[in-house]
1. Tell me the net charge near Phe280. Cut-off is 12 Å between Cβ atoms, Phe280 excluded, with +1 for each Lys or Arg and -1 for each Asp or Glu.
2. Tally Lys and Arg at +1 and Asp and Glu at -1 over the other residues with C-beta under 14 Å from the C-beta of Arg181: what net charge comes out?
3. Run the helix sum for the chain: -39,500 (n - 2.57) per DSSP H stretch of 4+ residues, divided by residue count, reported at 222 nm to the nearest 500 deg cm²/dmol.
4. What's the local net charge at Ala143, with K and R +1, D and E -1, over the other residues with C-beta under 12 Å away?
5. Any idea how far apart Leu64 and Ala300 come out in nm if each label point goes 7 Å out from Cα toward Cβ?
6. Treat every Asp and Glu Cβ in region 1-135 as -1 and every Lys and Arg Cβ as +1, leave all other atoms uncharged, and give the resulting dipole magnitude about the Cα centre to the nearest 20 debye.
7. Among the lysines, select those whose C-alpha is under 21 Å from the C-alpha of Lys272, and discard any that sit fewer than 8 residues away in the same chain.
8. For Lys307, go through the lysines and keep the ones whose alpha-carbon is under 18 Å away, minus same-chain ones fewer than eight residues off.
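The values are calculated or read from the model by the stated rules, or taken from the named source; none is laboratory data. Predicted model, so just to flag it, every value in this text is computed and none were measured. Cβ sites come from the backbone with ideal geometry, for glycine too, and all protein chains shown count toward neighbours. The protein model used for the area step is the full one, side chains on, heavy atoms only, and it has no ligands, DNA or RNA in it. Shrake-Rupley method; radii C 1.70, N 1.55, O 1.52, S 1.80 Å.
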Amino acid sequence: MTSKLEQLRAMTTVVADTGDIEAVARLKPVDCTTNPSIVLKALGTDMFKDVFAEAIAWGKASSLSRDDAVAAVSDRLAVSVGAELTKLVPGRVSTEVNADLSFDIEGSITKAREIIADYKARGIEKDRILIKLASTWEGIRAAEVLEKEGINCNLTLLFSMAQAIACADAGVFLISPFVGRILDWYKKSTGENYTSETDPGVVSVRAIYNYYKAHGIKTVVMGASFRNIGEIEALAGCDRLTISPQLMDELDADKGSLTRVLSEDKITPVDKIAMDEKTFRWMLNEDAMATEKLSEGIRAFAKDLGKLREIVAKAMA
């Protein structure tokens with residue numbers, strides 16, 4: 001019997017949720033996804049010492065002010081990690097727009113264009129990259145503009161149907177609905193334990209997948225933020241799943257049978273919801289979990305961005 005990881009690959013595109021070069025080389029995912037936390041961790045390894053040194057030297061040689069140079073070097077490092085990952089995966093690498101731009105439409109668009117230009121300067125075309133944006137109303141509007149320019153986007157920190165519908169209406173290429181963080185909130189809120197079938201994160205992604213397929217929406221659903229392999233197995237058949245190396249290894253070690261759960265021939269009819277800004281904000285407001293986890297996620301990514309900038313500032317000094 002083949003491993004559950006290999007069985008999963010036959011029904012779902014497997015993406016690596018890591019900046020660990022060695023893990024990516026070993027596990028051979030189709031795509032890679034990164035975020036500020038992953039970039040910060042990657043740059044702490046010996047493998048990226050030269051990349052870090054190059055970016056610092058570039059910053060020192062620039063004519064930018066100190067603060068602008070620190071920010072530019074930090075952005076350059078995120079692209080440098082992504083560039084290394086493009087050498088190992090045949091598909092796409094996601095690179096995130098700074099979290100402190102999560103409520104800035106024009107700022108997000110400008111930063112996304114800069115990221116794509118940096119990749120282009122390194123010989124990496126935009127069809128190898130996904131721009132990651134937080135699934136705020138502003139992030140979704142920025143993605144709508146970028147998609148029309150041929151810059152595909154990955155909308156992250158997605159916890160609700162309102163966010164998923166708004167992303168679909170904006171023509172977003174891919175969404176990353178979070179599973180484990182939803183489970184975390186409900187366990188803390190209710191004190192209950194959940195099975196893979198009752199897991200609120202799993203239930204949420206299944207509902208989004210069903211809504212998209214029921215209405216012929218082409219936006220890719222990529223489940224993310226897993227706490228255990230049970231959550232992954234419960235979403236087998238989803239368009240894509242982004243999985244940490246640790247959980248990939250667990251799946252690879254398991255030789256049991258994996259059953260496909262999600263498929264387009266098992267869709268339940270569901271009414272379409274008309275989404276505008278007022279409806280989006282109200283639905284999000286009424287969902288305490290989504291509101292709290294979205295804000296918490298932005299704060300966490302902004303904190304790690306701040307840590308990266310502190311490291312850069314010290315090195316440049």
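1. Around Phe280, the charge tally is -3.
2. -2
3. Theoretical 222 nm ellipticity from helices: -17000 deg cm²/dmol.
4. Spelling it out: positives minus negatives among the neighbours equals -2.
5. That separation, rounded to one decimal, is 2.7 nm.
6. Numbers: 18 positive and 20 negative charges, 80 e Å.
Value, rounded to 20: 380 debye.
7. Lys213, Lys218
8. Leaving aside lysines fewer than 8 places away in the same chain, those within reach of Lys307 are Lys41, Lys49.
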